[in-house]
Amino acid sequence: QVQLVESGGGLVQAGDSLRLSCAASGRSFFSATMGWFRQAPGKERQFVALIKKSGENTYYADSVKGRFTISRDNAKNTVYLQMALLKPEDAAVYYCAAECINFCYLESRYSYWGQGTQVTVSS
């Protein structure tokens, strides 16, 4: 079993920055790929970013590329999502996901999910 807890969400203005954290506990598969997804009201869950176990390889959705940065601290069992130049379209509940081996841009490939943290972006 793996427990994932997201934090760092909040209300920001367009153009601002925000850093999300995802802390893993229990029997953690933290060496595997970790990912961030988001879901806005009335929309399907959307892939945001992933980071492989080495921490050296990352992949981003086109909509956030160049603005968001995913990173991980294996010693702290924590993955981060640094968000910059936030836009109103970025407003959503952001979810952390764990234990993915491959095709990790697909939500169905993850075994564990956090409860999400709300990000609101005002103009």
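The values are calculated or read from the model by the stated rules, or taken from the named source; none is laboratory data. None of these values were measured; they are calculated from a predicted model. Because the Cβ atoms are built from the backbone with ideal geometry, glycine has one as well, and the counts that use them run over all protein chains shown. These accessible areas exclude ligands, DNA and RNA; they are computed on the full protein's heavy atoms, side chains included. Shrake-Rupley method; radii C 1.70, N 1.55, O 1.52, S 1.80 Å.
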In the range 56-86, what residues are at pLDDT below 95 and farther than 19 Å from Gly10 by Cβ? Glu56, Asn57, Arg72, Asp73, Asn74, Ala75, Lys76, Asn77
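Take Ala98 and decide whether it is small (Gly, Ala, Ser) and modelled with pLDDT of 95 or more. Reasoning before the result, please.
Working: small (Gly, Ala, Ser): yes; modelled with pLDDT of 95 or more: no.
For Ala98, the condition - small (Gly, Ala, Ser) and modelled with pLDDT of 95 or more - is not met.
Restricting the search to the range 81-123, which residues are aliphatic (A, V, I, L, M), closer than 20 Å to Ser54 by Cβ and open to solvent by 70 Å² or more (accessible area, probe 1.4 Å)?
First pass over the range 81-123, keeping only residues aliphatic (A, V, I, L, M): 81, 83-86, 91-93, 97-98, 101, 106, 119, 121.
Next, from what is left, pick out any that are closer than 20 Å to Ser54 by Cβ: 81, 97-98, 101.
Matches in the range 81-123: Ile101 only.
On the basis of being aromatic (Phe, Trp, Tyr), under 12 Å from Cys104 (Cβ atoms) and open to solvent by less than 20 Å² (accessible area, probe 1.4 Å), does Phe47 make the cut? Show your work before the answer.
Details: aromatic (Phe, Trp, Tyr): yes; under 12 Å from Cys104 (Cβ atoms): yes; open to solvent by less than 20 Å² (accessible area, probe 1.4 Å): no.
Against the criterion (aromatic (Phe, Trp, Tyr), under 12 Å from Cys104 (Cβ atoms) and open to solvent by less than 20 Å² (accessible area, probe 1.4 Å)), Phe47 does not qualify.
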Which listed residue is among the basic types (Lys, Arg), open to solvent by 50 Å² or more (accessible area, probe 1.4 Å) and at negative phi, from Arg19, Arg38, Arg72, Arg67: Arg19
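Here is a yes/no grid of residues against (1) at pLDDT below 95; (2) not small (Gly, Ala, Ser):
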| residue | (1), (2) |
| --- | --- |
| Ser17 | no, no |
| Cys22 | no, yes |
| Ser28 | yes, no |
| Trp36 | no, yes |
| Ser54 | yes, no |
(1) under 14 Å from the mean Cα position of the chain (by Cα); (2) surrounded by 17 or more Cβ atoms within 10 Å (Cβ to Cβ) all hold for Val12 apart from (1)
Single residue of Glu107, Glu89, Glu44 found to be under 12 Å from the mean Cα position of the chain (by Cα), at pLDDT 95 or above and acidic (Asp, Glu): Glu107
